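Reviewing the structure listed below.
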Amino acid sequence: MNEKLKAVIVEDELASRETLTAYLKKYCSDVDLLAEADSVKSGLEIIKKHKPDVVFLDIEMPYGNAFDLLEQIPEVDFEVVFVTAYSNYAVKALNLSASYYILKPISIDELIKAVDKIKANRNNAEISIHSKILLDNIQEVNKPNHKIVLPLLNGFEIVHVRDIIRCRANDNFTEFHLKDGSKKLISRTLKFYEELLKDFGFIRVHKSHLINFQYVTKYLKGKGGMVEMSDGSVVDVSVNRKAEFLEKFK
């Protein structure tokens with residue numbers, strides 16, 4: 001019989017704490033909820049006391065946020081499921097690090113999915129890597145130094161955003177072409193990575209191509225035209241994306 005996941009909740013809103021508590025008890029029988037807290041300070045106290053396997057952590061709280069809490073823990077040796085009402089910057093940061101998160105109002109299905117993933121990975125020696133990458137990215141002012149976690153069939157790989165030359169759609173997968181010449185096939189759509197990387201100098205030039213602008217070496221005129229990249233590859237530019245692409249050079 002599998003040992004239960006020891007869990008705590010750090011959430012400032014009483015209604016959200018009560019909902020999450022009720023859902024965990026009813027739908028996640030493998031989770032043993034040990035304590036709750038409503039602030040960064042009390043959250044640190046229950047984490048230190050109970051040494052949980054997983055912390056359900058609200059991102060925005062009075063007098064600090066989730067990242068303030070994590071920065072005060074010398075070694076994050078537990079998984080974190082972030083709970084947030086925000087679906088913009090915070091979610092981008094979470095997606096870059098492949099962290100677990102649930103949007104408010106809490107979905108039972110998403111909660112169960114997060115718990116199941118943690119259970120499946122609980123024997124992984126690198127249990128806290130997602131939170132570490134997340135914190136590194138938040139503390140890193142220079143965007144090209146940000147890292148992204150790419151989920152693979154047998155684990156994951158961490159790469160610097162600056163080392164991605166281009167991405168190509170391959171059905172519901174995305175093929176990453178990296179600076180060192182390697183390729184990674186990731187089980188996510190190109191649309192997902194377009195949204196995730198557009199603030200890092202990436203531009204969608206075709207339904208099948210997302211490119212890192214810093215690696216463009218040549219543009220060849222045509223109906224849409226073609227772009228030559230630093231790795232020698234030539235990428236088509238679609239007619240309806242040509243103007244946006246050329247605007248980048250002004």
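Only the coordinates and a few stated rules stand behind these numbers; no lab work does. Just so it is clear, the structure is predicted and the values come from calculations on it, not from any experiment. FYI the Cβ positions are ideal-geometry reconstructions off the backbone, even for glycines, and counts take in every protein chain you see.
Data for the structure
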{"read-out": "Along the chain, longest interval not containing exposed chymotrypsin sites (Phe, Trp or Tyr not before Pro), exposed being DSSP loop plus at most 16 other Cβ atoms within 10 Å", "value": "87-248"}
{"read-out": "Mean-position separation - Cα centroids, region 1-69 and region 70-120, in angstrom", "value": "12"}
{"read-out": "Antiparallel bridge percentage (DSSP; both residues within the chain; nearest 5)", "value": "65"}
{"read-out": "Cα-based helix-to-principal-axis angle, 108-121 vs the chain, degrees rounded to 10", "value": "90"}
{"read-out": "Ellipticity estimate at 222 nm from DSSP helix runs (n ≥ 4, -39,500 (n - 2.57)) divided over the chain, nearest 500", "value": "-9000 deg cm²/dmol"}
{"read-out": "Karplus-derived 3J(HN,Hα), 6.51/-1.76/1.60, for each residue of region 4-20, Hz, glycine and proline x", "value": "5, 7, 7, 9, 9, 10, 10, 7, 7, 8, 4, 4, 5, 4, 5, 5, 5"}
{"read-out": "Identified option (computed mean projected area of the Cα convex hull in nm²; candidates (i) 12.2; (ii) 15.2; (iii) 15.9)", "value": "(ii)"}
{"read-out": "Residue (of Tyr219, Val161, Ser230) at the positive-pole extreme of region 156-249, dipole from beta-carbon charges", "value": "Tyr219"}
{"read-out": "Principal-axis tilt of helix 40-50 within the chain, Cα atoms, nearest 10 degrees", "value": "70"}
{"read-out": "Reachable lysines from Lys183, criterion Cα separation under 27 angstrom, eight or more residues apart if same chain", "value": "Lys92, Lys117, Lys132, Lys143, Lys147, Lys191, Lys198, Lys207, Lys218, Lys242, Lys248"}
{"read-out": "Signed unit charges on C-beta, dipole axis of region 16-67, positive-most listed residue Phe56, Leu33, Leu20", "value": "Leu33"}
{"read-out": "Cβ-placed point charges (K, R +1; D, E -1), dipole of the chain about Cα centre in debye, nearest 20", "value": "1240"}
